[in-house]
Structures are given as C-alpha cells and as structure tokens.
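To start, the structure under review is shown below, and the notes come after it.
The values are calculated or read from the model by the stated rules, or taken from the named source; none is laboratory data. Since this is a predicted model, take the numbers as computed values, not measurements. Positions of Cβ are backbone-derived with ideal geometry, glycine not excepted, and every protein chain shown enters the neighbour counts. We work out accessible area using only protein heavy atoms, side chains counted, and drop any ligands, DNA or RNA first. Shrake-Rupley method; radii C 1.70, N 1.55, O 1.52, S 1.80 Å.
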Amino acid sequence: MPAELVAPLRVAMLSVHTSPLEQPGEGDAGGLNVYVLDLARALAERGVEVEIFTRATASTQPEVINVNPAIKVWYVPAGPFEGLGKEDLPGELCAFTAGLLQHAARQDPRYFDVVHSHYWLSGQVGLLAAERWGVPLVHTMHTMARVKNASLPPGDSPEPTGRILGEEQVVEIADALIASTPQEADDLAAHYGADRRIVSVIPPAVDLSVFRPAGPAQRDAEPGPELGVADVGWRRRLRRRLGLPATAPIVLFAGRVQALKAPDVLVRALQYLDPATRLVVLGGPSGRPTAVRELEALAEICGVRDRLLLHPPVTRTQLADWYRAADVVAVPSYNESFGLVAAEASASGVPVVAAAVGGLREVVRDGVTGRLVVGHAPQTWARALTELLDNPAELARLGANGAAQAARFGWDRAAAAVEAVYGRAIVHRRAVHGAK
C-alpha cells in the first residue's frame, strides 16, 4: 500500500446475488462465494477491515453476522426473500442500492476507503455507491457474458443483452479491474475494451491449511497393493469413512450440477471406462431444480447408474477429504474464469483432468499436475482418464507435483496483491478527483 495511505483500510465488498456464507456447490453458491470469504479473511489478517453486503434471502437471517472482529456480513433486504432467480435480480438492484446507502448513511462520510464488487450485478451497485462516497471502485468479474456465450454447452441459453450492457458499464467506469488469469485480462480488453493499465492479474487462492496432502498421522506404513503402489492404508480408511468402495478407481466431480459444469460428459464417458470405475458427483442442482435427477436419468440410459455415486455438497474441510479419497478429480466445464476446484484438488495432492478452457489452462499444468482435454467428447475424456487410472505411478507423480506447486495459490500472496490494487486505486482517484 502506498506510504501516503494510512492503515487500516476499510473495504465495502459487494456480493449481491449470493452470500459468501452460503454452502458452495448448489444453487448460485460456488467459487465466487469461497473467493469473497477467503479474500476477506486474508485481508483481515493484513489489518484491512472488510464489510460484505449481500441480499437477504430469508426473514430469519440477522441483519449482520460478525465473522471475526475485522469482517462483517450484512444482509440487505431487496425484493422478496424467496422465489427470485439470479435472472430476476436486475430488477431489485435499485432496492439493494437504497438499502446499502441507507446503511452507510449511519456512518461517517469517510467510513469506507474503497468499494470492491464481485460479478456484474454487484458492479452495478458499486458504480453508484463508489460515486456517492467519493471512493474508487475495484471490480472482479468472475465470469463474463460474452466469453460464456462463446462456449455455451448444448441446449443452454445465452446470457441476455442486459447483462452484457451492464458489464460494459462496469468495465468503463471502474477504477481498477482484477482478472484471475492473463487470458481473462485479454478477454476484458478484447470483448469489453478495458484499459489494460487498470487491469491487474491476481490468481484466486486456496486455503492451504485445509487443502493439502494427507499428513503423516493419516497414513499407514504399509502400502495397499490393491489400490496401486502410490496408495496406502489411510486412503482405504478414508474411503470407508466416506462410504466409498475401498478398491475401485474413483473419479470425482465436485461442483454445481448444471450444464456449464458438464457433469454429463463424465457420465457418458463412464460407459467407456473400466467397469470397476466409479464416478462420484459431489454437488447439488443449480439453475434447474431437477438437474441431479436428470443426471441420474442419463446414467440409467447409459447403463451406468450403479457406477454413479451422488452426494450433496459438503463443508470445506470435508471436501478436502473427498479430494484425497479420489484417484482423479475431473473438471469438464465449458468455461471457467479460474477453476477453484482444480486448484484445491492439486493442493490436496490429487491429479486433475480438466477441459482446456479459460483459467483451467493456467491452473492445470498439462503433463505436470494433470491433463488438459480438448473438447467434450465422452470417448476423448474416457481415454484421458483411462491413461491415468491405468498408471498408478503417473497418478502419484502428478499428485506430488500438484502439492509441491500449491504455494503459488497461497492467500497471503493474493491478498497482498489485492491490497496493493486498493492502494493504487485510491491514489489514482484522489489525483483525478481530489481528496474526499
């Protein structure tokens, strides 16, 4: 942070459409939720105070939750508590903005130093709040409509023009933009005309205290030959605890069950894998309430229903165990701005097979920490998975490489970079508009 700025900074962080305290893996809760909360925690460790504002979705929610002394999550009423999909929220942005400004009116005019919005809906609110308070707007896109529309899964609907226009407005007015990868920075410039001088590439991070390989206390001294030379008794015990078969090859999909994430590709690929292989889908429906049942029906049609294991989302600590219990984590998404699941799995010491799209090309190092697959043909995915599942030594090598390189995804580094962006944005705004 520039020397002329006096700590601590106080940040208004906006996550309008989904609370960072929601369980990731179903509905609209996913990597963005994890990112917002983990970033806030990492900033708090650096002395930054963070207040997160999100839309209230239940009458029983408190007005505020104190995550720790430096982090608050405020629930702002805006529209009916239930029955609104993400596509309905643009009509509630005025109400949300009014609630946010009313809250801030209780504070000193100099209360917030910066607004950091996440996703375009939050960016629309952030434009008004930052202007009202005379502070800079820092924005993280997470996904972009034009990029998403260019790689839609079969049968999926394109993002509407209203969202594209809203994203253009945010990019034009923001004082700073944070991209997860160099590719996302290029997309911001190519598709939205972003000024590259205000774009900073800061990869999201992983909680390395949670996502790490099994420690010595979890391991047995004796190898488990039925699982391959790279595996030991701790994995058998872990699988038993999770209700998984001890000796079967296991491919894990962790995330929301929706067309964009493409779990159906893995179900279709299962037909071409060794009959002993099991596919675990760890997640809940998103977009369509029937998404999980539809996946089950597809498995029935493909003749692999008995090899598909479905489980609802779990806590972050539990998720690390599910990663470590798998032989391979598969991420077949049609688009990912970053690919948090891939980063978490690698940090946990598990090889990743991922689609060669978006941020996954940065997170997964082909031939080093996993495999990148071009396209979404089930047979292609089956070949890539079979090549690894049939080679325990290669699985062990890729997993060890992923764990060894996990430090590049540490939150200490990411939070320091984000705080530096805040500082530069504050200095820039003061130079252009004068002090508050």
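Write down the percent of antiparallel bridges among all DSSP beta bridges whose residues are both part of the chain, to the nearest 5.
Of those bridges, close to 10 percent are antiparallel.
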Quiz item: Given a 1.4 Å probe, how much area per residue of the range 1-124 is accessible, in Å²?
Solution: 42 Å²
Quiz item: So how far apart, in nm, are the two label points at ARG240 and ARG132 if each is 7 Å from Cα heading toward Cβ?
Solution: 5.9 nm
Quiz item: Cα centroids of the range 47-104 and the range 357-392: how far apart, whole angstrom?
Solution: 39 Å
Quiz item: Modelled label-to-label distance, THR247 and ARG408, 7 Å Cα→beta-carbon offset: nm?
Solution: 3.9 nm
Quiz item: Hey, what does the equivalent ellipsoid look like for the range 238-358, semi-axes from the Cα gyration tensor as sqrt of 5 times each eigenvalue, largest first, whole Å?
Solution: 19, 18, 14
Practice problem: With a point put 7 Å past each Cα toward its Cβ, work out how far VAL201 is from ALA417 in nm, to one decimal. | Solution: 0.9 nm
Quiz item: Between THR315 and ASP186, 0.36 nm times their residue separation minus their Cα-Cα distance comes to what?
Solution: 43.0 nm
Quiz item: At a 1.4 Å probe radius, carbon and sulfur cover how many percent of the accessible area of the range 19-102?
Solution: 51 percent
Self-check item: Per-selection Kirkwood Rh - the range 377-416 (Cα, Å, 1 d.p.)
Solution: 12.2 Å
Quiz prompt | At 1.306 mPa s and 10 °C, Stokes D of the range 63-206 from Kirkwood alpha-carbon radius, µm² per second | solution = 96 µm²/s
Quiz prompt | Sequence-distant aspartates and glutamates (8 or more away, or on other chains) whose Cα lies within less than 15 Å of LYS261 | solution = GLU26, ASP28, ASP156, GLU294, GLU336
Quiz item: Which peptide among 182-192, 124-134 comes first, and what is the full order, when sorted by highest mean count of other Cβ atoms within 10 Å?
Solution: 124-134, 182-192
Quiz prompt | SER151 accessible area, 1.4 Å probe, all protein chains in place, Å² to nearest 10 | solution = 30 Å²
Quiz prompt | Euclidean distance between Cα centres, the range 143-197 to the range 263-299, Å | solution = 30 Å
Quiz item: What angle do you read, to the nearest 10 degrees and between 0 and 90, between the alpha-carbon axis of helix 119-133 and the longest principal axis of the chain?
Solution: 20 degrees
Self-check item: Projected area, mean over directions - the chain, Cα convex hull, nm²
Solution: 20.5 nm²
Practice problem: Enter the angle in degrees (range 0 to 90, nearest 10) between the Cα long axis of helix 291-302 and the first principal axis of the Cα atoms of the chain, meaning the one along which they spread out most. | Solution: 30 degrees
Practice problem: Take the Cα of ALA400, step 7 Å along the line toward its Cβ, and report every residue of the range 294-338 whose backbone nitrogen sits under 19 Å from that point. | Solution: 324-329
Exercise. Could you pull the Cα extents of the range 6-91 along its three principal axes, largest to smallest, in whole Å?
Key: 42, 24, 22
Quiz item: In degrees, nearest 10, range 0 to 90: what is the angle between the Cα axis of helix 392-404 and the longest Cα principal axis of the chain?
Solution: 20 degrees
Practice problem: Might you report the magnitude of the Cβ-based charge dipole of the chain about its Cα centre, with Lys and Arg at +1 and Asp and Glu at -1, to the nearest 20 debye? | Solution: 620 debye
Quiz item: Taking only DSSP H segments of four or more residues, each worth -39500 (n - 2.57), what value at 222 nm results for the chain once the sum is divided by all its residues, to the nearest 500 deg cm²/dmol?
Solution: -12000 deg cm²/dmol
Quiz item: Of the listed peptides 18-25, 163-170, 235-242, what is their order by residue-averaged count of other C-beta atoms within 10 Å, with the highest listed first?
Solution: 18-25, 163-170, 235-242
